[in-house]
Amino acid sequence: PCWRVEQFVVAQECTRCSGFELKTIPACGSTGFIEKINCASSHRDEYKSCRSAALEAQRFWRFVGSALGVAAAAAALVVLRQRVLDRRALEKVRKQIESI
């Protein structure tokens, strides 16, 4: 590709590939997004695979939300387990006192 060896200008910003583009443009295969570029020396228009900033932000916040959800669930399980262990300890102490 000319954009690896030449200077280039972005002619069209990073956009999601349509169904037709996914089948016809090989650059769409890796990320699902392409940008149209114009190479300066050879004056060729080519497509380059790119990453969408909006999609990356959405994935990041989805990850943060799922991590917080897992942390909340783990914290709830720890609290419930601690209550069970406290009840067992109190029951054991009560039985020891009753046996005296």
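The values are calculated or read from the model by the stated rules, or taken from the named source; none is laboratory data. Fair warning: this is a prediction, and the values are worked out from it, not measured in the lab. Heads up, the Cβs are rebuilt from the backbone with ideal geometry, glycines too, and the neighbour counts pull from every protein chain shown. Areas reflect the complete protein model, heavy atoms only, side chains present, ligands, DNA and RNA absent. Shrake-Rupley method; radii C 1.70, N 1.55, O 1.52, S 1.80 Å.
By a 1.4 Å probe calculation restricted to protein chains, residue 66 has an accessible surface near 60 Å², given to the nearest 10. The residues neighbouring residue 99, those whose beta-carbon lies less than 14 Å from its own, together hold a net charge of +1 under the Lys/Arg +1, Asp/Glu -1 convention. Across 93, 64, the residue with the most accessible area heads the list, and the full order at a 1.4 Å probe is 93, 64.
Per-residue SASA remark: residue 86, around 80 Å² accessible (1.4 Å probe; ligands, DNA and RNA not included).
Indicate the gyration tensor shape class of region 32-100 (rounded, prolate or oblate), computed on the Cα atoms with a ≥ b ≥ c the square roots of the eigenvalues: a/c under 1.5 is rounded; otherwise a/b larger than b/c is prolate and the rest oblate. Prolate, because a/c is 1.5 or more and a/b exceeds b/c.
Against the chain, whose longest principal axis comes from its Cα atoms, helix 53-99 is set at around 10 degrees. Electrostatic tally near residue 39: other residues with Cβ closer than 14 Å to its Cβ, Lys and Arg +1, Asp and Glu -1, net 0.
Among the protein heavy atoms of the chain, carbon and sulfur supply 61% of the accessible surface, probe 1.4 Å, non-protein parts ignored.
Look at the alpha carbon pairs under 8 Å that are at least 6 residues apart: their mean separation over the length of the chain gives a relative contact order of 21 percent. Counting only heavy atoms of the protein chains and using a 1.4 Å probe, residue 48 has close to 40 Å² of accessible surface.
The aspartates and glutamates within cross-link reach of residue 48, meaning a Cα-to-Cα straight distance under 19 Å and a gap of 8 or more places when in the same chain, are 6, 13, 21, 35, 56.
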